[in-house]
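J.: Sending over a structure as structure tokens; questions will come in a sec.
The values are calculated or read from the model by the stated rules, or taken from the named source; none is laboratory data. Model, not experiment: these values are computed from the prediction. A quick note on method: Cβ atoms are made from the backbone with ideal geometry, for glycine too, and the neighbour counts reach across all protein chains shown. These area figures cover heavy atoms from the full protein model, side chains too; ligands, DNA and RNA do not enter into them. Shrake-Rupley method; radii C 1.70, N 1.55, O 1.52, S 1.80 Å.
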Amino acid sequence: MLLEGKSVVITGAGSGLGAAAAKAFAQEGAAIAVLDLNESAAERTAAEIIACGGKAIYQKVDVTSKTSVWAAGDTAANEFGCIDIWLNCAGISKILPFLDCTEEIWDSTLAVNLKGAFLCCQNAVTHMLQNKNGGVIINLSSQSGKKAGAQYQAYCASKFGVIGLTQSIALEFARKGIRANAICPGVVPTPMWDKQVTDYARKRNMTPEEVMPYFCKTIPLGRVCSYKNFTDMALFLASEQSEYMTGQALNLTGGSLLS
Ligand SMILES: NC(=O)c1ccc[n+]([C@@H]2O[C@H](COP(=O)([O-])OP(=O)(O)OC[C@H]3O[C@@H](n4cnc5c(N)ncnc54)[C@H](O)[C@@H]3O)[C@@H](O)[C@H]2O)c1
């Protein structure tokens, strides 16, 4: 098992990619702290892990609040004895014309996606330094963190920022054995996409039903990204298989991004 005996914190683990990673990491032998703003969703993910014989705790967390993040991270460290791996999946997304982007949408997007990753990384690094055993941080950026799309201003700004944050942490803590990398997925059909498919269709002047077939046509590998594609990459970055990699932002786009 790739993560036998490891303690993992995952934010946004009540839904989508975070929930998939929580279950995949647990199957590889890790104990999981399932964190999400949606407490019942976090509870559901943890219950599924426990029902399969895994180890999990859950906690409500708002990643935009330092108090909330530190309470959750400290609880996980106390419960498990340490934090070996921290995966930041909490995120929000909004597709809308630039001139319609309100201050509230801008602030909330940057607060969850970028400040949230910053606060979580600070708690993760604090515990990892205390362990004196290194650690692994994985942040969720996006293909929109490397190549902007129209009508995606706040989201793109936040995801470009996540890559800069990840690189800076990687350089500062490399000699302490802490690795930090980012994943840049293209399109993974998750609840996030269910919420924004209508806005994407409006942007492209198509119907919501036409959106996923359109992606399949335009992505070089001819399909969108699966949960397994994502969890395979997350497991690779979390495990010793990637022990010589830090400061990277890995594309998971079926060939849509080439650098
Ligand atoms: N799905 C995709 O196509 C895709 C592509 C690229 C990047 N991403 C990124 O992957 C991550 C996961 O996305 P997803 O598709 O699984 O989305 P999702 O909507 O299914 O899950 C996001 C989770 O984050 C939680 N969350 C939101 N605000 C929070 C807060 N303040 N504190 C704690 N938790 C909060 C939500 O409750 C939800 O459970 C996001 O960062 C997203 O930007 C997704």
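J.: Arrange the residues Trp70, Trp86, Trp106, Trp193 by how much accessible surface each exposes, largest first, with a 1.4 angstrom probe.
T.: Result, largest first: Trp106, Trp70, Trp193, Trp86.
J.: Ignoring solvent entirely, what values of log10 I(q)/I(0) come out of the Debye formula for the stretch 100-259 at 0.14, 0.18, 0.19, 0.21 Å⁻¹ when each Cα is a single scatterer?
T.: Summing over Cα pairs of the stretch 100-259 leads to -0.76, -1.15, -1.25, -1.41.
J.: If you don't mind, another one. Using a 1.4 Å probe on the protein heavy atoms only, what accessible surface does Met212 show? Give it in Å² to the nearest 10.
T.: Ignoring ligands and nucleic acids, Met212 comes out at about 50 Å².
J.: Where Rh denotes the Kirkwood radius from the mean inverse Cα pair distance, what is Rg over Rh for the stretch 132-195?
T.: 1.08
J.: Given the options Leu2, Leu258, Val61, identify the residue whose Cα lies farthest towards the positive end of the charge dipole of the chain (+1 on Cβ of Lys, Arg; -1 on Cβ of Asp, Glu).
T.: Positive-end residue among those listed: Leu258.
J.: In terms of the Cα gyration tensor, with a ≥ b ≥ c the square roots of its eigenvalues, is the stretch 47-133 rounded because a/c is under 1.5, prolate because a/b exceeds b/c, or oblate?
T.: It is prolate, given that a/c is not under 1.5 and a/b is the larger ratio.
J.: So, one more: Normalised by the number of residues in the chain, what is the relative contact order in percent for Cα pairs under 8 Å and 6+ residues apart?
T.: 18 percent
J.: Quick one: ranking Phe98, Phe80, Phe236 by accessible area, 1.4 Å probe, largest first, what do you get?
T.: Order by accessible area, largest first: Phe98, Phe236, Phe80.
J.: What nm value, rounded to one decimal, do you get for the distance between Arg175 and Glu48 when each label is placed 7 Å out toward the C-beta?
T.: 4.3 nm
J.: Here's something else I'd like to know. Under 1.5 on a/c is rounded, so check that first for the stretch 160-217, then, if it is not, pick prolate when a/b is larger than b/c and oblate when it is not; a ≥ b ≥ c are the square roots of the alpha carbon gyration tensor eigenvalues.
T.: Judged from the Cα gyration tensor, the stretch 160-217 comes out prolate (a/c at least 1.5, a/b above b/c).
J.: At a probe size of 1.4 Å, how large is the accessible area of Ile105, to the nearest 10 Å²?
T.: Surface open to solvent at Ile105 totals about 40 Å².
J.: Can I ask one more? Give the shape of the stretch 1-84 as rounded, prolate or oblate, defined through the alpha-carbon gyration tensor: a ≥ b ≥ c are the square roots of its eigenvalues, a/c under 1.5 means rounded, and otherwise the shape is prolate if a/b is larger than b/c and oblate if not.
T.: Oblate is the answer for the stretch 1-84, as a/c is 1.5 or above yet b/c matches or exceeds a/b.
J.: Need the list of lysines near Lys6 for cross-linking: C-alpha distance under 27 angstrom, and skip anything on the same chain fewer than eight residues off.
T.: List returned: Lys23, Lys55, Lys60, Lys66, Lys115, Lys132, Lys176, Lys228.
J.: Using every alpha carbon pair in the stretch 107-161, what percent of pairs falls into each 5 Å bin from 0 up to the bin containing the largest distance?
T.: Spelled out bin by bin, the stretch 107-161 gives 4, 20, 23, 18, 13, 10, 7, 3, 1 percent.
J.: Here is a further query. Show that you can apply the helix-only estimate: for the chain, add -39,500 (n - 2.57) for every DSSP H stretch of four or more residues, divide by all residues, and state [θ] at 222 nm to the nearest 500.
T.: About -15000 deg cm²/dmol.
J.: Follow-up. Relative to the present Cα-Cα distance, how much length would full extension add between Thr218 and Asp232 at 0.36 nm per residue of separation?
T.: 2.7 nm
J.: Okay, moving on. Measure off, as a whole percent, the carbon and sulfur share of the 1.4 Å-probe accessible area of the stretch 115-259, all protein chains present.
T.: Using a 1.4 Å probe with all protein chains present, the stretch 115-259 comes out at 54 percent carbon and sulfur.
J.: How charged is the neighbourhood of Gln59? Take every other residue with its Cβ under 14 Å from the Cβ of Gln59, and add Lys/Arg as +1 and Asp/Glu as -1.
T.: Summing Lys and Arg as +1 and Asp and Glu as -1 gives -4.
J.: Taking amide H positions as placed in the peptide plane 1.01 Å from N, state which residues far from Ala182 in sequence (5 or more) or on other chains have amide H under 5 Å from it.
T.: Asn139, Gln248, Ala249, Leu250
J.: For Lys195 and Thr102 in the same chain, what is the full-extension length gain: residue separation times 0.36 nm, less their Cα-Cα distance, in nm?
T.: Length gained, Lys195 through Thr102: 31.6 nm.
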